[in-house]
1. Pull the list of the chain cysteines that no other Cys approaches to under 4.7 Å, Cβ to Cβ.
2. For F192, list long-range residues whose amide hydrogen, built 1.01 Å from N in the peptide plane, is under 5 Å from its own amide hydrogen.
3. When only C-alpha pairs under 8 Å and at least 6 residues apart count, what is the relative contact order of segment 37-123, in percent?
4. Of the residues I233, I161, I203, which exhibits the maximal mean-square fluctuation in a Gaussian network model of the chain defined by a 10 Å Cα contact cut-off?
5. What's the center-to-center distance, using Cα atoms, between segment 103-179 and segment 21-84 in Å?
6. Can you give the calculated 222 nm mean residue ellipticity of the chain, where each DSSP H run of n ≥ 4 adds -39,500 (n - 2.57) and the sum is split over every residue, rounded to the nearest 500 deg cm²/dmol?
7. Counting other Cβ atoms within 10 Å, keep those with at most 12, restrict to DSSP loop, and tell me which trypsin sites (Lys or Arg not before Pro) in segment 169-210 are left.
8. Convert each backbone phi in segment 19-31 into a coupling constant with the Karplus relation 6.51 cos²θ - 1.76 cosθ + 1.60 (shift: θ = phi - 60°), then list the ³J(HN,Hα) values in order as whole Hz, x for Gly and Pro.
Amino acid sequence: HIQYKDWGGKPLENGIDYLSLEYHSICNMRCSYCSPTYYGGHKSNYPVTSLVNEFIQNNLLEKTNYLVWGGGEPTLDRDFDEILSSIMNLKIGPRIRMITNSTKFSPLIKKGIDEDRIFIVTSIDAGKPDTFKSVRGLNGFEKVFNNLCSYAEDNPKNVIIKYILNSENDNFSEIDCFIEAIQKYKLEECNFQLSSDFKEEVIQSKRLSAIIYLYNKLKSISVRFTFMDDLIIQRMPPINEDLIKSINLQLQN
C-alpha cells in the first residue's frame, strides 16, 4: 500500500512520530474473527531490514513516540530479531507495542519487556483448551499461558491479555474458566483488554452481559487494570430501560 506522491514540504524533517510495522501476513493461527489479510501467508515485498536501518542511520526514530508491531505474527519473520535488535540498540528510541500470539517465546521480547521498552498484547479468547482451539485455530492454550508467565515474570505491567468476545466464548462458564486460568498461572498483575468481534455491527444484550460479567470477575481477583477497547464502544446499542432490564435478568440468572 505504499503511495508515491508529492507530500509537500519535508514530512520526515522532524523524524517519525508514529511507526506501524505490518509487513507480512504469515501467522500460525486462524482465528475465527480474523481474515486472510493477517494470515494469508504473504511475505514482505520490500527490504524491511534495510528500510528500518536507514531510518536509524538518518536519526528518524529518535523522536518516535510509538511503534506498533503487528503482522501476521511478528516473531515468525526470519528477520524479526535483527530488526528488533537494531531498534532496541538505540539509546533514545520508541516504546514498542508488540501484537503477538505468544505461541513462540522470544528472549528479545522478554528483554524489552523487562527494560520497559516493549509491551505486548496477546489474545487468549478462551477459558478452556478446546474453546481456544475452536476460536484461535490452533492447539496452544497451555503453551501461550506458559509463555505469558515467562514474559510477565519480572515486569507484568507490560503484558496485556486480551479477550475478544464472540459467540463461542461469551458464556459465563467459559469466562469462569478463563478467570481460573488467570489465577492458576498467576497473571493477576498483568493488564486486561476486553474487546468484541468486529464483524458484528451491534453488540446485543447477551454480549453486553458477558462483558459486564467478565469485567467484574477480573475486578474480583484484583487484576492490575482492565479496559474496554474501541470495538466495544463503537458497537454499543442505544441505552434504554428494556436493554438494562434484559442485562439485569441475564446477570441474575
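1. That list is C27, C149, C177, C190.
2. I161, F225, T226, F227
3. Numbers: 95 pairs, mean separation 24.8, N = 87.
Across segment 37-123, relative contact order equals 28 percent.
4. I233
5. Here the answer is 20 Å between Cα centres.
6. Details: 10 runs with 96 residues, N = 253.
Theoretical 222 nm ellipticity from helices: -11000 deg cm²/dmol.
7. Values: sites: K184, K186, K199, K206, R207; in loops: K186, K199.
Qualifying residues, ordered by number: K186, K199.
8. Couplings: 10, 10, 9, 9, 10, 8, 10, 8, 8, 8, 10, 9, 5 Hz.
The values are calculated or read from the model by the stated rules, or taken from the named source; none is laboratory data. Since the structure is predicted, the reported quantities are computational estimates derived from the model, not experimental observations. As a convention, Cβ positions derive from the backbone with ideal geometry for all residues, glycine included, and neighbour counts pool all protein chains shown. Each accessible area value is taken on the protein alone, full model and side chains, heavy atoms only, with ligands, DNA and RNA left out. Shrake-Rupley method; radii C 1.70, N 1.55, O 1.52, S 1.80 Å.
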